[in-house]
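The values are calculated or read from the model by the stated rules, or taken from the named source; none is laboratory data. Note that this is a predicted model, so its numbers are computed, not measured. Cβ placement follows ideal geometry from the backbone for every residue including glycine, while neighbour counts extend to all protein chains displayed. Heavy atoms of the whole protein, side chains included, go into the accessibility calculation; ligands, DNA and RNA do not. Shrake-Rupley method; radii C 1.70, N 1.55, O 1.52, S 1.80 Å.
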Amino acid sequence: MNKPPFSLPPVELLQQLASRLPAPPAWLRAELHNRLVLLLNHVLQQEPQAMDRLRRQQGKRLQLNWGSIELVLQPTPAGLLALSEPGEPSDLQLRVAETSPLLLAQTLLAGGKPPVEIQGDVQLAAEVAWLVDNLRWDLEEDLSRLFGDPVAHQLVAAGRQLVQGLRGFLLQAAERRNKAAS
């Protein structure tokens with residue numbers, strides 16, 4: 001096996017560095033939340049059944065937490081999502097239990113789902129679970145509208161290779177960590 005020309009920092013070092021980064025300013029968090037809702041709504045609009053499911057849950061509040069990050073969403077009468085103000089009681093609270101960004105990325109890239117603590121409305125939780133299991137963003141279709149089919153196909157193929165490489169790196173890092181812990 002070929003050795004890389006440089007050694008990668010241990011996962012623990014990367015986690016320590018990530019934990020020392022300052023929190024982004026409020027305006028940036030708000031803008032990221034807005035962009036995330038736009039993306040979610042774009043994906044929802046490609047699946048009428050998902051919009052129907054959300055339409056039945058209109059007005060309920062869904063609070064998502066990961067570490068210090070909090071996002072509160074509310075289904076609209078149109079079957080889309082809107083940002084809601086934090087602080088008021090939520091019908092459903094979902095808290096991602098994994099606090100490490102690297103371990104979370106490792107789980108997601110391996111095709112797994114991170115552990116999530118769920119409290120609240122059972123029906124809304126069932127609808128959210130259905131959305132997570134059934135909604136997929138057709139990125140290649142969106143890129144083909146901008147660049148044409150051949151370029152979109154090449155971009156998606158390159159993205160898949162990048163994800164596979166990142167997945168391999170994270171799996172190797174996990175194996176090294178497990179060997180070191182043994």
Report, in whole Å, the centroid distance computed from the Cα atoms of the range 66-88 and the range 94-153. 16
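Given the convex hull of the Cα atoms of the range 131-182, what is a quarter of its surface area in nm²? Before the final figure, lay out each step's value.
Values: hull surface 20.5 nm².
Answer in nm², one decimal: 5.1.
Compute the Cα gyration tensor for the range 72-148, then decide on rounded, prolate or oblate, letting a ≥ b ≥ c be the square roots of its eigenvalues: rounded whenever a/c is under 1.5, prolate when a/b is larger than b/c in the other cases, and oblate in all that remain. Show your work: numbers first, answer last.
Working: a/c = 2.02, a/b = 1.22, b/c = 1.65.
Oblate is the answer for the range 72-148, as a/c is 1.5 or above yet b/c matches or exceeds a/b.
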Based on DSSP, what percent of beta bridges with both residues in the chain are antiparallel, to the nearest 5? 75
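Can you compute the charge dipole magnitude of the chain about its Cα centre, using +1 on each Lys and Arg Cβ and -1 on each Asp and Glu Cβ, nothing else charged? Give it in debye, rounded to the nearest 20.
On the way: 18 positive and 19 negative charges, 126 e Å.
Taking the Cα centre of the chain as origin, the dipole is about 600 debye.
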Mind checking the per residue accessible area of the range 51-135 for me, 1.4 Å probe, whole number of Å²? 54
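For the chain, what are the DSSP H helices with axial Cα length of 27 Å or more and mean Kyte-Doolittle hydropathy of at least -0.5? Working shown, then result.
Numbers: long enough: 26-45 (28 Å, 0.41); 149-181 (47 Å, -0.16).
Span-like helices in the chain: 26-45, 149-181.
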Taking springs between alpha-carbon atoms closer than 10 angstrom, which of Leu146, Leu135, Leu54 fluctuates most in the Gaussian network model of the chain? Leu146
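Using a ≥ b ≥ c from the Cα gyration tensor of the range 86-130 (square roots of the eigenvalues), is it rounded, prolate or oblate, where a/c under 1.5 gives rounded and otherwise the larger of a/b and b/c decides, a/b for prolate?
Oblate.
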Computed lengthening from Arg56 to Phe169, 0.36 nm per intervening residue step minus Cα-Cα distance: 36.5 nm
I want to verify the translational diffusion coefficient of the chain in µm²/s; compute it with Stokes-Einstein, Rh as the Kirkwood radius over Cα pairs, at 20 °C and 1.002 mPa s. 113
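Glu31 to Gln49: extension gain in nm, 0.36 nm per residue of separation minus the Cα-Cα distance? Show your work: numbers first, answer last.
Working: separation 18, 0.36 × 18 = 6.48 nm, distance 2.81 nm.
Residue separation times 0.36 nm, minus the Cα-Cα distance, leaves 3.7 nm.
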